[in-house]
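Some notes on the structure that comes next.
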Amino acid sequence: MRRLLQGVIIFAMCLCFLSMGHAAPPADGGPWDLTFEDNFEGSTLESQKWFAGYRLGRMDYYTRIGFPNEHGRQWQPKPPIAHYQLKDGVLKLRIDREIPKRDTPSCPCVSALTTAIYQFDEKTGQFNDQVKFQQKYGWFEIRCRVPRGMGSYTAFWLHQVGANNQEYTPEGKRKGLADGVVEIDIFELLASQIDSRLNNFNIHFTPSAHYVYKMSFDPSVDFHTWALHWEEGRITWYCDGKVAKVYEGPTPPKQMYVLVALFQVGGWAGAIDKNMVYPLDFEIDYIRVWKKRTN
């Protein structure tokens, strides 16, 4: 009877573990430790995990170095907040007709969450980092569904922490490979590419790590899982548990933070539809990060 009872308890624990969805990533070479997780099950955003806004401090950095440019975009709302809804265990990063606030519904805007920011300290004259999560190497995963809407796109990125880790130097020079990698796009999906079923994988600023992945599905219909396995000298993208692309070459030298965003920008993402049906919702079931155990 004792053995039977122990068996029942172990079985129940296994079922509970699986129902929590915490299974380790499918890559070889474990074991893994879960280092970050948000299943978006509450009614409010977990403030200990996220800053609500897009690359907070970026505009201030460019203004203070006297280098306004196309990356010093003015379309982030002030204050720079994210518009979102939490319902039934799903985060909906949202762009509505009037929120985020902008001059017209067709103006560029963004709703984003990030795990790190940098802010200028008037006393020291320096930018200080505020980091809720960062990691070098590991497995980064999201399960999500993307919206349609011309001129919009969705993204799941990694960025290097720190104000100086921008696309441009304080002298206004665009960075290259020698300056280090400052951004990894786990995916960057333009609404204009949904019908052609194309998704973008990038490692900025390496010359040979920009890929277009052909999907076998419409990502706006159902939820799909996208993941990235980051190792020294090697990065592997996954789609629904299967290898989508492998890159071998220089990888970021420092820890990176997580950014997830829904943009309405026009331009290279396509002209913003003046007859857009709002809201646009980037639906996220979960975001998880693992790190390979070293001992």
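The values are calculated or read from the model by the stated rules, or taken from the named source; none is laboratory data. Everything numeric here is computed off the predicted structure, so don't read it as measured data. Note that each Cβ is placed from the backbone with ideal geometry, even for glycine, and that neighbours are counted across all protein chains shown. Ligands, DNA and RNA are stripped out before the accessible areas are found, and what is left, the full protein with its side chains, is counted by its heavy atoms. Shrake-Rupley method; radii C 1.70, N 1.55, O 1.52, S 1.80 Å.
For the reader, a short list of remarks on this structure follows.
- Within straight-line cross-link reach of Lys123, lysines at Cα separation under 30 Å, skipping those fewer than 8 residues along the same chain: Lys49, Lys78, Lys132, Lys173, Lys175, Lys254
- Taken per residue, the accessible surface of the chain reaches 49 Å², heavy atoms only and a 1.4 Å probe.
- For the stretch 163-295: rounded, prolate or oblate by the Cα gyration tensor [a/c cutoff 1.5]: oblate
- Using a cutoff of 8 angstrom between alpha carbon atoms and counting only pairs six or more residues apart, the relative contact order for the stretch 149-295 works out to 30 percent.
- Point-charge dipole on Cβ atoms (K/R +1, D/E -1) for the stretch 98-169, about Cα centre, debye to 20: 340 debye
- Aspartates and glutamates with Cα under 14 Å of Lys214, excluding same-chain neighbours fewer than 8 positions away: Glu188, Asp195, Asp240
- Folded to 0 to 90 degrees: helix 2-19 orientation relative to the chain principal axis, Cα: 20 degrees
- Straight-line cross-link partners of Lys245 among the aspartates and glutamates, defined as a Cα under 13 Å from its Cα and at least 8 positions apart when in the same chain: Asp185.
- This model, with +1 at the C-beta of Lys and Arg and -1 at the C-beta of Asp and Glu, gives the chain a dipole about its Cα centre of some 240 debye.
- Farthest positive-ward along the chain dipole, Cα basis, beta-carbon charges - from Ser208, Thr294, Gln48: Thr294
- The chain, helix-only ellipticity at 222 nm - DSSP H runs n ≥ 4, -39,500 (n - 2.57), divided by all residues, nearest 500: -2500 deg cm²/dmol
- Among Gln130, Gln160, Gln264, the largest mean-square fluctuation in a Gaussian network model of the chain, built with springs joining Cα atoms closer than 10 Å, belongs to Gln130.
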